[in-house]
Amino acid sequence: MSHETIRQSIIEAEVEGHRAMEKKGRVFFIEADGLYVKRQRSRIKGKEEKIITIHQGWEKNGKRVSLVNRRYMVHQTNEPIWEAVENFPYE
């Protein structure tokens, strides 16, 4: 299966909405990264997809570490990214 087939499947998937974030601690960690997606066989320029992870810390599970109360956000609006990130935990 190609990466474009996977991408199209993700785009077509239904999103039921977000569940409310539990407030276990006083701190939220925000990590941001970008994934540059080049449009193959097209004259359309590529685009950077911005992916944000919001979590409340880490827990050790043996040798592995998992994020506590994590949420992911993919920025897909015309709103400035950091304003969207600021509003995301409230939604």
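All of the numbers you see were taken from the coordinates with simple rules; none came from a lab. Computed from a predicted structure; not experimentally measured. All Cβ positions, glycine included, derive from the backbone under ideal geometry; neighbour counts span all protein chains shown.
State the extension gain, in nm to one decimal, for the chain segment bounded by residue 49 and residue 4, taking 0.36 nm per residue of separation less the distance between their alpha-carbons.
Values: separation 45, 0.36 × 45 = 16.20 nm, distance 1.40 nm.
So the chain would gain 14.8 nm between residue 49 and residue 4.
If you take the beta carbon distance between residue 35 and residue 60 as r and set R0 to 25 Å, what does 1/(1 + (r/R0)^6) give as a FRET efficiency, to the nearest 0.05?
Numbers: r = 28 Å, r/R0 = 1.12.
The pair residue 35/residue 60 has a calculated efficiency of 0.35.
Compare the peptides 70-83, 39-52, 1-14 by average per-residue count of other Cβ atoms within 10 angstrom and give them in order, highest first.
Details: 70-83: 12.4, 39-52: 10.6, 1-14: 8.7.
In decreasing order of mean packing, 70-83, 39-52, 1-14 become 70-83, 39-52, 1-14.
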Q.
For the pair residue 82/residue 28, report the inter-label distance in nm, with labels modelled 7 Å from Cα in the Cβ direction.
A. 1.5 nm
Q: Please give the net charge around residue 49, taking every other residue with its beta carbon less than 13 angstrom from that of residue 49, where Lys and Arg add +1 and Asp and Glu add -1.
A: +3
